[in-house]
Protein chains: 2
Amino acid sequence: MDSSQTDDGRLDVVAVGSALVDVVARVEENVIGRAQLVKSTMELTDLDRSRRIYDLLGPAVESSGGSAANTAAGVAALGGKVGYVGKVAPDGFGAIFAHDLAAMGVELAGSMLVPPTGHLDAVAEEVAGGEMGEDVGTGRCLVLVTPDGERTMATHLGVASTLDVQDIDEALVARAEILYLEGYLWDLAPAKQAMRRAIEVAHGAEAAVALTVSDPFCVGRHRADFLELVEGEIDILFANEEEALMLFGETSLDQVIDAARETGLLVALTRGAAGSVIIGPQGWVEVPAVRVRSVVDTTGAGDLYAAGFLYGLTHGGDPEDAARLGSLCAAEIVSHLGARPEDDLRRLVDR
Amino acid sequence: MDSSQTDDGRLDVVAVGSALVDVVARVEENVIGRAQLVKSTMELTDLDRSRRIYDLLGPAVESSGGSAANTAAGVAALGGKVGYVGKVAPDGFGAIFAHDLAAMGVELAGSMLVPPTGHLDAVAEEVAGGEMGEDVGTGRCLVLVTPDGERTMATHLGVASTLDVQDIDEALVARAEILYLEGYLWDLAPAKQAMRRAIEVAHGAEAAVALTVSDPFCVGRHRADFLELVEGEIDILFANEEEALMLFGETSLDQVIDAARETGLLVALTRGAAGSVIIGPQGWVEVPAVRVRSVVDTTGAGDLYAAGFLYGLTHGGDPEDAARLGSLCAAEIVSHLGARPEDDLRRLVDR
């Protein structure tokens, strides 16, 4: 965390997102159907459904996750200065989540460091009255990894669903060069308000604002909101091809590229093994994916692409350079199980 | 869990041990010293010390652990019928631990399935009065993996330290062909009593009793107790070379082999990359280790050796065959991070 205390206290990126612990299990293809999930997507579940799906899984491995938090960890692993705003409960999973980000040098929002006493009591009451793992616990994401390396997710948000304006650490957000927002948060009215406040603070501090639309289902639920943001509130948009087709209401890649150009934003359109297309008002360019010997687990591929892209932009790279770094980071993350970098990503910067 | 319900309800192995969640982090060599730990050993810590060491670690990955539980998981992965007795708290880590064993088909002791309400309230009170992660939480083992693949452990036992006679599911123990006990439990007076009761039940059911002495420090603390067990209570002994030298008070491998022969037990003496020596009243035999291309993490090597050995013995193998299977299982576990098998171990049985 030394680096964040040097020079002017500016941060390259401040990310706002759902704080989740990933529960990762390898499953056979048929488990996706038995869990009534749609392959390669994320579904929000209540606690009961989360438990029923968990019961279908074999032994799992737990690690810190959350889309924007994975991106924050990636920027830190690249050597960037980064902050994170999210909401955890004062339980074991919350401790894991906060520890793992802080240990990478990510600066945490004030409210994540000292859980208010009232909140702690509330948790205790719930535990006394019910069972472990109530809605007031830290959020968790069941990640089902099929033999093809694809990941299908069932997320129980827990306290992450209560993120609100008060959780936005405005002093932290105001230090960002780029504010990075997770589309998943649009599912929740108080979080949506919190995002809008964070955008105001960022604009006030002359920071750029980036949004990832997160998931096709998420685009389906919030298309009007996202289009409104695209038209006046944000500067950088991350979407994969399927999400972009839905967002712009188009049916081909060419049409999406045209629609993206018209927004005037910098758009990073990811296409998995086909690489990415970077679109700006002046034109567009295709950037190939980095070949991976064997895809083990695609969890975090989009998150780490965003990490490389944001690091590149905030370290003097043009968007094409930034996209190349994004591809390198995505390649690292799909070559092992889990959504947080295992390698020292700094060496990727040199390449 | 189907297999345990077939035929006569007999189980190959019932394991009794400390129920722990492993918190595994790769560390540089110098972190061991900064944490004031002794490399390649396990140290018991109170909650404060556990937290201070955790603060020194980088991002970690959490997964179910516990020495005897790893062995139980290994026997199940080999296709054996196995039960487990341990103690978890009604928290997230407890849920992980119970899920991961049950998901492998390990039958859990009754007390692990439905935590008594009184206990649940006790946890809630502690949480309300203090901070998360009190002594009443599920135990955790910080596993520091150095670049050479060696693991150094700091264990905070949490509720595992309160295992007592009431936790011994006698009906489960009585179904075992071999009762397998973790030496670590000898650190705790009520657990020691619980072990003695389990031994009585096993003997009453004509089961064999196996003990692993677990750790050189553990032998140092409980040498007299362990020697008493060796002289009259147990049938099978697992120890590595260092532990056996301490236990028998000898200074060379030859002397240890002689001392082990005199006990009349079946002794499996593990020697890391040098393989193992199997000693019985009639003589002894050396069994080589299985070569591993690259040792990633030695966590669980002894536990999985025991799994292969116990599976071999309970499936018609002679001790030498059993030791070969033990070596194969140990080789699988050291080739990846974590102490639970990743591969389908059944194919090892065929080899």
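Annotations for the structure displayed:
- Segment A:1-18: number of residues that are in a loop (DSSP other than H, G, I, E, B) and modelled with pLDDT of 90 or more: 4
- Where helices (runs of 4 or more DSSP H) fall entirely within segment B:105-186, those with at least 2 residues that are of a type in the set (A, V, I, L, M, F, W, C) and modelled with pLDDT under 90 are at B:110-113, B:117-129.
- Residue match in segment B:180-187 (condition: surrounded by fewer than 20 Cβ atoms within 10 Å (Cβ to Cβ) and in contact with a helix residue (DSSP H, G or I) (Cβ under 8 Å, 6 or more places away or on another chain)): yes
- For segment B:11-30, the candidate set comprises residues that are in contact with a Ser or Thr (Cβ under 8 Å, 6 or more places away or on another chain) and aliphatic (A, V, I, L, M); within that set, the residue that is surrounded by the fewest Cβ atoms within 10 Å (Cβ to Cβ) is B:V27.
- Residue within segment B:195-210 that is within 20 Å of B:R271 (Cβ to Cβ) and not in a helix (DSSP H, G or I) present: yes
- So B:S294, is it in a helix (DSSP H, G or I), touching a residue at least 40 places away in the same chain (Cβ under 8 Å) and hydroxyl-bearing (S, T, Y): no
- Checklist (1) in a helix (DSSP H, G or I); (2) closer than 24 Å to A:I178 by Cα applied to A:I279, failing item: (1)
- Residue in segment A:292-312 that is surrounded by the most Cβ atoms within 10 Å (Cβ to Cβ), counting only those that are over 13 Å from A:A273 (Cα atoms) and out of contact with any strand residue (DSSP E or B) (no Cβ under 6 Å at 6 or more places or on another chain): A:A307
- Residue under evaluation A:E29, criteria (1) at pLDDT 95 or above; (2) in contact with a Gly (Cβ under 9 Å, 6 or more places away or on another chain), criterion not met: (2)
- Conditions (1) within 20 Å of the chain's Cα centre (by Cα); (2) at pLDDT below 95; (3) outside any helix (DSSP H, G or I): number failed by A:A268: (2)
- From B:L37, B:L56, residue being out of contact with any Lys or Arg (no Cβ under 7 Å at 6 or more places or on another chain) and within 29 Å of A:L337 (Cβ to Cβ): B:L37
The values are calculated or read from the model by the stated rules, or taken from the named source; none is laboratory data. Only a predicted model underlies this, so the values are computations on that prediction, with no experimental measurement involved. Here Cβ is always computed from backbone atoms with ideal geometry, including for glycine, and neighbour counts include all displayed protein chains.
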